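Trainee: Let me give you the structure first, and then I'll get to my questions.
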Amino acid sequence: MYRIAVIPGDGVGPEVIREGLKVLKAVAEVRGFTYELVHYDFSGERFLATGEVLPDSVLDELRDMSSIYLGAVGHPKVKPGILEQGLLLKIRFGLDQYINLRPVKLYPGVYTPIKDKRPEDIDFVVVRENTEGLYTGIGGFLRKGTPDEVAIQEAVYTRKATERCIRYAFQLARDEARKKVTLCDKSNVLTYGHDLWQRVFQEVGAEYPDIEKDHAYVDAICMWMIKNPEWFSVITTCNMFGDIITDLGAMIQGGMGIAAGANINPEGVSMFEPIHGSAPKYADKNEINPLAAISALQLMLKNLGEKEGAILIENAIIRLLSNGYIKDMGAGRMGIGTKEVGDLIVKFIREGDKGV
Ligand code: IPM
Ligand code: MN
């Protein structure tokens, strides 16, 4: 029996999560597992009404869950930073979800803006460090608001977090068809922090003689991801660069309509979310693509050990996409409704592999 915390959030979050939960119900019935949902309404909406973002007591409740399923947070009337820090980063850091795993996979039938690249060329995963780097919020102002103002934003890299991230990437590469890990950094400029990443990569890499090692500076990887995405299998990188290159990754796999991510604590509670934001202008229109949230659910089931269930979801997604049910992955251009996409995925799951 799984206990799954559900935080739909703002904007299109509730709609895409609703479709995800329909899919979860179908998979559980087909696969014969049971779960209980614990709903939380933390969001920009709730913050505006009560001033509450995510109380510590709730963070503690989340520690006892099997998984967390997050929609999207972000509200046009809430100052940037409040929900990001107070909810998303609070959960990632508080539950020590030290890996942000983002698959970049082009499914058949999906348009990629890169000319001449096919699904077999775009299939890699980014292992992003998820607890430190530039995200720790360390820094401050001096003489704020004056012409002599100083702003400091510090990047923190610990050996422990660097090592566990890199080790996770190598471990993951063992399960991949192409056994290769690429370290993405900026060690030519960040001569302390990314010197540490370089040394740890060499050290940990030596324990994995079966895995090919490669390196690319972050600016260069932005070029290679477009020019030669087929070079990559597992890319590991720091928090900030991982954030940036996975938006690029989302674009080459068909856009925010499909890109999903997992915030993983391999020893604790993990959280699964579509990469897209709350997109308020598409809210409640039945126009948003729920596949990113459904893909996030697939990552959740895989993480829970429900491998067959995860495969059922992925096969249903592939069947939907390769048969042209969705005209365009973008919100408002799908040619089919949010609910209808969810219904089709449920139908395909119930039909099992017959239709693939
Ligand atoms: C993401 C988002 C977050 C991040 C923001 C909302 C804090 O962009 O999940 O990629 O930077 O990690
Ligand atoms: Mn991001």
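Where a number appears in this text, it was derived from the coordinates with a stated rule and is not lab data. Note that the structure is a prediction, hence the values are computed from the model and not measured. Glycine also receives a Cβ, built like all others from the backbone with ideal geometry; neighbour counts cover every protein chain displayed.
Trainee: What is the packing order of peptides 56-63, 36-43, taking the mean over residues of other C-beta atoms within 10 Å and listing the highest first?
Mentor: 36-43, 56-63
Trainee: Please report the relative contact order for the stretch 266-328, taking Cα pairs under 8 Å with a sequence separation of at least 6, and give it as a percent rounded to a whole number.
Mentor: 27
Trainee: Compute the length gained on full extension between residue 311 and residue 343: take 0.36 nm times their separation in residues and subtract their Cα-Cα distance, giving the result in nm to one decimal.
Mentor: Full extension of this stretch gives 9.8 nm more.
Trainee: Cβ neighbours within 10 Å, averaged per peptide: list 98-106, 197-205, 278-286 in order, most packed at the top.
Mentor: Top of the packing list down: 98-106, 197-205, 278-286.
Trainee: Quote to one decimal, in nm, the extra length available between residue 66 and residue 156 on full extension: 0.36 nm per residue of separation minus the C-alpha distance between them.
Mentor: Gain on stretching residue 66 to residue 156: 29.4 nm.
Trainee: Report the GluC sites (Glu not before Pro) located in the stretch 210-286 that are in a DSSP loop and have at most 11 other Cβ atoms inside 10 Å of their Cβ, or state none.
Mentor: Those that pass, being in a loop and sparsely packed, are 267.
Trainee: Another question about this same structure. If amide H atoms are built 1.01 Å from N in the plane of the peptide, which residues on other chains or at least 5 residues away come under 5 Å of the amide H of residue 6?
Mentor: For residue 6, whose amide H was placed from the backbone, the distant partners under 5 Å are 38, 39, 40, 69.
Trainee: With the dipole of the chain worked out from charges on the C-beta (+1 for Lys and Arg, -1 for Asp and Glu) around the Cα centre, which of 242, 162, 196 lies farthest toward the positive end?
Mentor: The residue sitting farthest along the positive end of the dipole is 242.
Trainee: Give the calculated FRET efficiency between residue 57 and residue 227 to the nearest 0.05, with a Förster radius of 51 Å applied to their Cβ-Cβ distance.
Mentor: FRET efficiency, residue 57 to residue 227: 0.55.
Trainee: Okay, moving on. Classify the stretch 40-186 as rounded, prolate or oblate, taking a ≥ b ≥ c as the square roots of the eigenvalues of its Cα gyration tensor: rounded when a/c is under 1.5, otherwise prolate if a/b is larger than b/c and oblate if not.
Mentor: Cα axes put the stretch 40-186 in the prolate bin.
Trainee: Another question, then. Checking a compactness column here: for the chain, what do you get for Rg(Cα) / (2.2 N^0.38 Å), N being the number of residues?
Mentor: So the chain has a normalised radius of gyration of 0.98.
Trainee: Can you tell me how the stretch 112-253 classifies by the Cα gyration tensor, rounded, prolate or oblate, using a/c under 1.5 as the rounded cut?
Mentor: Note, shape of the stretch 112-253 comes out oblate.
Trainee: At what distance in angstrom do the alpha carbon centres of the stretch 63-99 and the stretch 180-208 lie from each other?
Mentor: When both Cα centres are located, 28 Å separates them.
Trainee: Counting helices only, and only those DSSP H runs with n ≥ 4, report the 222 nm mean residue ellipticity of the chain as the sum of -39,500 (n - 2.57) divided by its residues, in deg cm²/dmol to the nearest 500.
Mentor: Result for the chain, helices only: -12000 deg cm²/dmol.
Trainee: For the residue pair residue 34 and residue 219, what label-to-label distance in nm results when each label sits 7 Å from Cα along the Cα-to-beta-carbon direction?
Mentor: Reported label-point gap for residue 34 and residue 219 is 5.8 nm.
Trainee: Using the 2.2 N^0.38 Å rule of thumb for compact globular proteins, work out how the stretch 212-348 stacks up: its C-alpha Rg over that value, please.
Mentor: Expressed relative to 2.2 N^0.38 Å, the Cα Rg reads 1.13.
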